[in-house]
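Accompanying notes for the structure given below.
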Amino acid sequence: MTSSQRGLTRRQFGAGLASLVTVAATTASSEAALPTIDTHAHVFHRGLKLAPGRRYAPDYDAPLSLYLEQLDRNGMTNGVLVQPSFLGTDNSYLSACLNEARGRLRGIAVVDPAVSADELRRLDRAGIVGIRLNLVGQPLPDLAAGEWKTLLAGVKSMGWQVEVQRNAADLAVLAPQLLDHGVTVVLDHYALPDPKPGVADPGFQSVLKLGATRNVWVKISAPYRNGASGEDFAKAAYPLLRNAYGLDRLLWGSDWPHTQFEASQAYEKNRQFLDTLIIDQSERAQVLASPRPLFRF
């Protein structure tokens, strides 16, 4: 090999190194730019009108400013506010908070099945991207009824989601009915299986099969709502959910301010548990970023 050839090789090698450095820097920058989205939190204050027939009402304030502080402190870029059940179908405070947050947040509303199309459009403009059915302790809705058909058609036309909180055994029946209406379905809090059998709960096993539809998402949030050994359950459930749904169909949520579990929970504790649950950093980053299209960020 001549000296000129060796020189050319050295120049090529140097150019190659520079290229590798550029690619590495670009990759690192891309990973750093991924959003980190908290898909489940609530805001409220004691001055708001409470819904009749509520099962619970907090005796403290959880204002928007405090929630945004939690996001900042824990490195979260975006959040999703879910209408609390004790505020019923009055989504005015939720809408006002979304407006104040200037695009950083999205919302999930609670509506009456007979809500007008105009109201749904108004909520859509406010940053609402779905409705919530909190059916804990409630009768299952008759989705074949005319008002439900109309509501779900409206939800579908706007590209919204239907978020459901209910035990896994009932979700196994209800979720397919919702899918028959062509809507996107999100299941709260690991789908709430029977805490005693945990992942062996037949309802949870049926929920796992819904992953094949590619139109159902599951929130890996609030493990403490799955019994006293909720964190152990979550560690057993996560790999099953990941395999059944894929990382792009799993959503993390803080469940702040952890209503009815305030004494034992905190935002930072739940965010840190995610690091224990999903040890692989790139996998965790994908779960935190996957909600972006679903919630229109």
Label points 7 Å out from Cα along the Cβ direction at LEU240 and ALA33: separation in nm?
3.9 nm
Note to self: with every protein chain in place and a 1.4 Å probe, region 61-146 gives an accessible area per residue in Å² of 43 Å²
Exceeding 31 Å between C-alpha atoms, which entries from my cross-link table qualify? They are LYS156/LYS235; LYS149/LYS209; LYS149/LYS235; LYS196/LYS269.
LYS156/LYS235; LYS149/LYS235
Apply the Kirkwood formula to region 237-281: the hydrodynamic radius equals the inverse of the mean of 1/r over all pairs of different alpha-carbon atoms; give it in Å with one decimal.
11.8 Å
Residue order for ASP118, ASP275, ASP255 - accessible surface, 1.4 angstrom probe, largest first:
ASP118, ASP275, ASP255
Calculate how steeply helix 168-180 sits against the longest principal axis of the alpha-carbon atoms of the chain, using the helix alpha-carbon long axis, and give the answer as 0 to 90 degrees to the nearest 10.
80 degrees
Expressed in µm² per second, the diffusion coefficient of region 178-258 from the Stokes-Einstein equation, with Rh the Kirkwood radius over alpha carbon pairs, at 25 °C and 0.890 mPa s, is 193 µm²/s
Of every Cα-Cα pair in region 82-195, the percentage lying beyond 24 Å is 22 percent
Counting only helical runs of four or more DSSP H residues, what would the 222 nm mean residue ellipticity of the chain come to if each run contributes -39,500 (n - 2.57) and the total is spread over all its residues?
-14000 deg cm²/dmol
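Suppose the chain between THR89 and ASP124 were pulled fully straight at 0.36 nm per residue; how much longer would it get relative to their current alpha carbon spacing?
This chain segment gains 11.1 nm when fully extended.
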In the chain, carbon and sulfur make up what percent of the accessible area (probe 1.4 Å)?
53 percent
For the chain, compute Rh as the Kirkwood radius over C-alpha pairs and then the Stokes-Einstein diffusion coefficient at 37 °C and 0.692 mPa s; write the answer in µm²/s, rounded to an integer.
160 µm²/s
Phi to ³J(HN,Hα) by Karplus 6.51 cos²θ - 1.76 cosθ + 1.60 over region 60-75, Hz, x for Gly, Pro
8, 9, 10, x, 4, 4, 6, 5, 4, 5, 5, 4, 4, 5, 10, x
Compute the signed sum of charges (Lys and Arg +1, Asp and Glu -1) over the other residues within less than 15 Å, Cβ to Cβ, of VAL186.
+4
Among ASN74, VAL162, PRO35, flag the residue with its Cα farthest along the positive direction of the charge dipole of region 34-162, charges on Cβ as +1 for Lys/Arg and -1 for Asp/Glu.
PRO35
Cα-Cα pairs in region 129-209 separated by more than 16 Å, as a whole percent of all pairs, come to 49 percent
Please state the equivalent ellipsoid semi-axes for region 222-297: what are the square roots of 5 times the Cα gyration tensor eigenvalues, largest first, in whole Å?
21, 15, 11
Could you pull out every residue, at least 5 positions away or on a different chain, whose amide H is within less than 5 Å of the one on ARG106? Hs are placed 1.01 Å off N in the peptide plane, and Pro or chain starts have none.
GLY79, VAL80, LEU81
What is the helix-to-structure angle for 92-101, meaning the angle in degrees between its Cα long axis and the longest Cα principal axis of the chain, kept from 0 to 90 and rounded to the nearest 10?
20 degrees
Of the residues PRO197, PRO239, PRO63, which exhibits the maximal mean-square fluctuation in a Gaussian network model of the chain defined by a 10 Å Cα contact cut-off?
PRO197
Ordering SER65, SER95 by how much accessible area each has at a 1.4 Å probe, largest first, what is the list?
SER65, SER95
Which cross-chain or sequence-distant (5 or more) residues have an amide H under 5 Å from the amide H of THR184, H modelled 1.01 Å from N in plane?
VAL162
Springs between alpha-carbon pairs under 10 angstrom, Gaussian network model over the chain: which of ALA285, ALA244, ALA114 fluctuates most?
ALA114
So, taking all protein chains as they sit and a 1.4 Å probe, how much accessible area belongs to HIS45, in Å² rounded to tens?
70 Å²
Comparing GLN70, GLN272, GLN165 in a Gaussian network model of the chain (Cα, 10 Å), the one with the largest mean-square fluctuation is GLN272
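The values are calculated or read from the model by the stated rules, or taken from the named source; none is laboratory data. Note that the structure is a prediction, hence the values are computed from the model and not measured. Virtual Cβ from ideal backbone geometry, glycine too; neighbours counted across all protein chains shown. Ligands, DNA and RNA are stripped out before the accessible areas are found, and what is left, the full protein with its side chains, is counted by its heavy atoms. Shrake-Rupley method; radii C 1.70, N 1.55, O 1.52, S 1.80 Å.
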